[in-house]
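Working notes, structure below.
Where a number appears in this text, it was derived from the coordinates with a stated rule and is not lab data. Just so it is clear, the structure is predicted and the values come from calculations on it, not from any experiment.
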Amino acid sequence: MSHDVKNIAITGGAGQIGYQLAFRVASGQVYGPKQKIRLHLLEITPALSALEGVKMELDDCAFPLLEDIVTTDNPDVAFTNADCAFLVGARPRSAGMERKDLLLANAEIFSVQGKSINANAKKEIKVLVVGNPANTNALIARENAPDINPRNFTAMTRLDHNRAVSQIAHRMGSHSSDIKQLIIWGNHSATQYPDIRFCQNKGKTVINDIDHDWYIKNFIPTVQQRGAAIIKARGASSAASAASAAIDHMHDWINGTEEKNWTSMGVMSDGSYGIEEGVVFSFPVTCKNGEYHIIQDLEIDAFSQEMIHATNKELREEREGVASLL
Ligand code: NDP
């Protein structure tokens, strides 16, 4: 095996998001067009046959960068020497299941995977958790991987970020690439706070050109509830856009964010903005040389404080719910 091949693990490889993600990763969209990669796809045992179908399709693409595809139901195989991991597979809520039961069922999965990452992956692995509740699942995986830098466990709020950018671009009659410095604060859930106070359109602050009523009554709930709106329209949850955001998150973390812009990532709080250390919280970040940095010293007004407090409270309650596994 060549040393310059990157090993990329994807859990839930036969699921809706996994099915989109695997092909984009295999085409080189995370590490770029010169980096050879090996895919490690993990599934639960009953889904191994479907996963074999995914592998056959990946083979049929004859991707120039794809050296090998490993399919398995064993986390220890999936995470062996992994350079990065997308933790997508998670237990969906079934009829009659309480939120707390869902939290615990997933906590179990992510504690097993955290331990396996600790034992098998490269020490500098970058982990992105997509499976919900993503922030708390990332916290559990991290706490079960004591030998890995805790900064290397992150949760995805990039889809929320991209959704918000797109909404603002439409409102401004602009293009999403012109919209910079937007922020998603907090949890990847309906309590998240999409903040446009520092957002710019073609280098100009947008807040004064945006109707405050539209911002509060339309924009914020639209971003918070976009997932439900897609389920209603499509009859299935968002999958391609979630996979696209996962690629964006990992790509920017590895390769850096663009000049004069930032993005949103769920990362371990270092106490910034009064968020208790350790909680996995979405902050505005820049990335450089494979590291992310939380943007510091942004002014937090009373409204923002209230919104940040609400999402922080929810995350702390989630953490309480899984305390036995930490
Ligand atoms: P999806 O691929 O649609 O979703 C996977 C996870 O991503 C869910 O937890 C989902 O949360 C979450 N998610 C996060 N953001 C989004 C978003 N914006 N839109 C939609 N989903 C989002 O689920 P499937 O059921 O199709 O596939 C899951 C696969 O995982 C199955 O094949 C299953 O067998 C596998 N699995 C693998 C495990 C493992 O590898 N050990 C463990 C458990 C399951 P939400 O449910 O809230 O939408």
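Per-residue 3J(HN,Hα) values for the stretch 96-112, derived from phi via the Karplus relation 6.51 cos²θ - 1.76 cosθ + 1.60 with θ = phi - 60°, read x, 7, 6, 4, 5, 5, 5, 4, 6, 4, 6, 4, 4, 4, 6, 6, 4 Hz in sequence order (x marks Gly and Pro). For the residue pairs 34/122; 36/122; 122/288, alpha carbon separations are all held to 26 Å or less. Taking Rh as the Kirkwood radius computed over C-alpha pairs, what is the Stokes-Einstein D of the chain at 10 °C in a medium of viscosity 1.306 mPa s, expressed in µm² per second? Once the numbers are plugged in, D ends up at 79 µm²/s. Between residue 185 and 193, 195, the built amide H atoms are under 5 Å apart, and every one of these is 5 or more places off in sequence or on another chain.
Amide H contacts of residue 157 (H built 1.01 Å from N, in plane; Pro and chain starts excluded): 266 sit under 5 Å, all sequence-distant by 5 or more or on other chains. For the stretch 158-321, the convex hull drawn through the C-alpha positions has a volume of 125 cubic angstrom per residue. Remark: the stretch 287-292, residue by residue, has Karplus-estimated 3J(HN,Hα) of 10, 8, 6, x, 10, 9 Hz, where x stands for each Gly or Pro and the curve is 6.51 cos²θ - 1.76 cosθ + 1.60 at θ = phi - 60°.
Counting only C-alpha contacts under 8 Å and six or more residues apart, can you give the relative contact order of the stretch 174-275 as a whole percent? Walk me through the intermediate numbers first.
Numbers: 87 pairs, mean separation 26.7, N = 102.
The normalised contact order for the stretch 174-275 reaches 26 percent.
For the options 77, 88, 206, a Gaussian network treatment of the chain with springs between C-alpha atoms closer than 10 Å singles out 206 as fluctuating the most.
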